[in-house]
Amino acid sequence: VQLQASGGGSVQPGGSLRLSCAASGSIFSVNVWGWYRQAPGKQRELVATITKGGSSNYADSVKGRFTISRNNVKSTMYLQMNSLKPEDTAVYYCNAELTPPYEYWGQGTQVTVSS
């Protein structure tokens, strides 16, 4: 599975961004798709996941502001981020989890929220 993340950038607090993760390869084997982020000096953390069946899960810090989705026709996953805060600043990574221990990561895309 190959993942290509895009859509990051700089935005003011309160703004919005939409991240995309284009997938290719054996994507039919993926059980859970996810977005993670890593801020400077911090560990990588879960942002949101969506299962093959469409069930989603969010970190408490982004609930109500971020929405994860997938377009199966385009083999692309999205993260719509609204009401962005400075603490959302991080490198965002997309992830594809197959039957453990197999998982794949995209290259990361920088999101900066600053006035």
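The values are calculated or read from the model by the stated rules, or taken from the named source; none is laboratory data. It should be emphasised that the depicted structure is a prediction, and the values quoted were computed from it without experimental measurement. Positions of Cβ are backbone-derived with ideal geometry, glycine not excepted, and every protein chain shown enters the neighbour counts. Surface accessibility is based on the protein's heavy atoms, side chains included, excluding ligands, DNA and RNA. Shrake-Rupley method; radii C 1.70, N 1.55, O 1.52, S 1.80 Å.
Assorted remarks:
- Of the residues Val32, Val11, Val47, the single one that is under 18 Å from Tyr102 (Cα atoms) and among the aliphatic types (A, V, I, L, M) is Val32.
- Complete set of residues in segment 1-35 that are open to solvent by 50 Å² or more (accessible area, probe 1.4 Å), in contact with a Ser or Thr (Cβ under 9 Å, 6 or more places away or on another chain) and not small (Gly, Ala, Ser): Gln2, Gln4, Gln12, Pro13, Asn31
- Filter result (assigned to a loop (DSSP other than H, G, I, E, B) and modelled with pLDDT of 95 or more) within segment 45-61: Ser55, Ala59, Asp60, Ser61
- Against the list (1) open to solvent by less than 70 Å² (accessible area, probe 1.4 Å); (2) without any contact (Cβ under 8 Å) to a residue 24 or more places away in the chain, the condition Thr109 fails is (2).
- Counting only residues that are more than 13 Å from the chain's Cα centre (by Cα) and either among the aliphatic types (A, V, I, L, M) or in a loop (DSSP other than H, G, I, E, B) (or both), segment 90-115 holds 8 of them.
For every residue, the table says whether it meets (1) part of a strand (DSSP E or B); (2) farther than 17 Å from Thr109 by Cα; (3) among the β-branched types (Val, Ile, Thr).
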| residue | (1), (2), (3) |
| --- | --- |
| Ser10 | yes, no, no |
| Cys21 | yes, no, no |
| Gly34 | yes, no, no |
| Pro40 | no, no, no |
| Gln43 | no, no, no |
| Lys63 | no, yes, no |
| Ser69 | yes, yes, no |
| Leu84 | no, no, no |
| Glu87 | no, no, no |
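- Taken as a whole, segment 71-83 holds at least one residue that is free of Cβ contacts under 8 Å to residues at least 60 places away in the same chain and under 12 Å from the mean Cα position of the chain (by Cα).
- Residue count, segment 84-101 (criterion: open to solvent by 10 Å² or more (accessible area, probe 1.4 Å) and either closer than 19 Å to Pro40 by Cβ or touching a residue at least 60 places away in the same chain (Cβ under 8 Å) (or both)): 9
- Residue in segment 52-70 that is farthest from the chain's Cα centre (by Cα), counting only those that are of a type in the set (S, T, N, Q), farther than 16 Å from Gln38 by Cβ and open to solvent by 50 Å² or more (accessible area, probe 1.4 Å): Ser55
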